[in-house]
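The values are calculated or read from the model by the stated rules, or taken from the named source; none is laboratory data. Predicted, not measured: the structure shown is a model, and the values here were computed from it. Methodologically, a virtual Cβ is constructed for each residue, glycine included, from the backbone with ideal geometry; neighbour enumeration extends over all protein chains shown. Only protein heavy atoms, including side chains, enter the accessible area calculation; ligands, DNA and RNA are left aside. Shrake-Rupley method; radii C 1.70, N 1.55, O 1.52, S 1.80 Å.
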Amino acid sequence: MILMTQLQASVAPASTTKESVRDTKMKRKEDNVESTTYDAGKPLLIRLYRGVADHFTLRVCEWIMLWPSFGLWVTLTLYPDIFSKSKSFATMANWADERIWALILGLTFLCRLIALIVNGTFKGFEFSPHIRFGASMVGILVWSQIDAGFVMAFLNEGGLPTAAIIYGLPVILELVNASRSVRDVDANYRSRRK
């Protein structure tokens, strides 16, 4: 009988909308993250780990964006003559060589990684979403240039259309990341005004 009463108390009322149930679930997740993440008495490495682990599912799209920048950075670093092997890179090669593009992508990777580490690790740092937004804007800028290079190489140099299609995806994901960061900036602002 006690179990049934507890079960009934935990069920949302029938008049609750799907949106309010979703908002309640998200709030519970955020409360759980805040209650378990930050302990100023813990060593920094433990705080870093917990901050990343506790926010990973909320920021998975941003974590995914580490892979293409890291992968292309490694590729351009290990194969400094890759632009000469495919017409798809012709426009990018006109703008800068592999070494410069590798540097740009390495910095993009570091920018995103730092934003994600700062985001989950330092409670009370109100500019964390701003840093994530900045990382998203860097990503949008870099990936849109890369995609534009592939599109122009397809249209003007005989490059393959597949790269132009595939490299548009990081631009879209970074737009989603920027939108989520702006939402978090707004939520922080509203919570501090109360």
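What share of all Cα pairs of the stretch 99-188, in percent, falls into each consecutive 5 Å distance bin?
The percentages, shortest bin first, are 3, 15, 20, 20, 16, 11, 7, 5, 3, 1, 0.
Quick one: which of 169-175, 139-145, 156-162 comes out on top by average Cβ neighbours within 10 Å, and what's the full order, highest first?
Taking the mean over residues of other Cβ atoms within 10 Å, the ranking is 139-145, 169-175, 156-162.
Select from the stretch 79-133 those trypsin sites (Lys or Arg not before Pro) which occupy a DSSP coil region and have at most 12 other Cβ atoms within 10 Å, ordered by residue number.
Hits after loop and neighbour filter: nothing returned.
Which order do CYS61, CYS111 take when ranked by solvent-accessible area (1.4 Å probe, heavy atoms of all protein chains), largest first?
Descending order: CYS111, CYS61.
Quick one: plug the Kirkwood hydrodynamic radius of the stretch 74-125 (C-alpha pairs) into Stokes-Einstein at 37 °C, 0.692 mPa s, and report D in µm²/s.
258
So with the 1.4 Å probe, I'd like the accessible area per residue for the stretch 67-194, rounded to whole Å².
57
Roughly speaking, to the nearest percent, how much of the stretch 65-194's 1.4 Å accessible area is carbon and sulfur?
C and S fraction of accessible area: 68 percent.
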